[in-house]
Ligand code: FES
């Protein structure tokens, strides 16, 4: 089974807090993603089996929310908001900076599997535009020099084997 014992134990531990089995689906998908960094087709099948739900229902939910990654992503998932406030405040420059530095385009992952770059549509932080979401952390009011500093920091952290972009993560709390 593609779902780890750790994930199953977490879900069993919170089962009593949810009114229906179907209500556990989103927490389960979050936990699988935490565990594997993405949700594979096999994991979707196993989620359906584990919760005794139709696979079509699981796929419907997983594909509706862009926060669920149904393709493998790099260790550092960079999602840059390009909606109106962020665009007006310089997200285009940030995008070009990352494309040039990482030598990838939007929707791509670096050959070493470290970074994935994508565009996002409004990260609900328009007052602090432009905003970059890095895994689960937000970086706001960014400019190009700050972005370069940030990417230098991530490079060093990855080289040291550290986890990047999860400083705000709290177990059992899902966005
Ligand atoms: S437009 Fe970028 S956070 Fe809303």
Worksheet item: If the chain were replaced by its equivalent ellipsoid, with semi-axes equal to the square roots of 5 times the Cα gyration tensor eigenvalues, what would those be, largest first, whole Å?
Response: 32, 17, 15
Item to complete: Using only the Cα atoms, work out Rg/Rh for region 76-159, with Rh taken as the Kirkwood radius, to two decimals.
Response: 0.93
Practice prompt. Would you mind calculating the relative contact order of the chain from Cα pairs under 8 angstrom and at least 6 residues apart, reporting the percent as a whole number?
Written response: 17 percent
Worksheet item: Once both axes come from the Cα atoms, what is the angle between helix 144-159 and the longest principal axis of the chain, in degrees from 0 to 90, rounded to 10?
Response: 50 degrees
Practice prompt. For region 121-175, state what percent of all Cα-Cα pairs lands in each successive 5 Å bin, counting from 0 Å until the bin that includes the largest distance.
Written response: 4, 17, 24, 24, 18, 11, 3
Practice prompt. Please grab the % of Cα pairs in region 4-104 that end up more than 24 Å from each other.
Written response: 38 percent
Worksheet entry | Cα extents of region 98-143 along the three principal axes, largest first (Å) | 34, 20, 16
Worksheet entry | Cα gyration tensor shape for region 5-64, rounded if a/c is under 1.5, else prolate or oblate | oblate
Fill in: With Cα atoms, 0 to 90° folded angle of helix 55-64 axis to the chain main axis
20 degrees
Item to complete: Rounded to the nearest 10 degrees, what's the angle between the helix 25-36 long axis and the longest principal axis of the chain, both from Cα atoms, 0 to 90?
Response: 60 degrees
Fill in: Evaluated over region 68-117, the Cα radius of gyration and Dmax, each in Å
11.4, 32
Worksheet, complete the sentence: For region 19-62 the mean separation of alpha carbon contacts under 8 Å (6+ apart) over residue count, i.e. relative contact order in percent, is 39 percent
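So what is the calculated 222 nm ellipticity per residue for the chain, using -39500 (n - 2.57) for each DSSP H run with n of 4 or more, over all residues, to the nearest 500 deg cm²/dmol?
Per the formula, -13000 deg cm²/dmol.
Only the coordinates and a few stated rules stand behind these numbers; no lab work does. Source: prediction; values computed, not measured.
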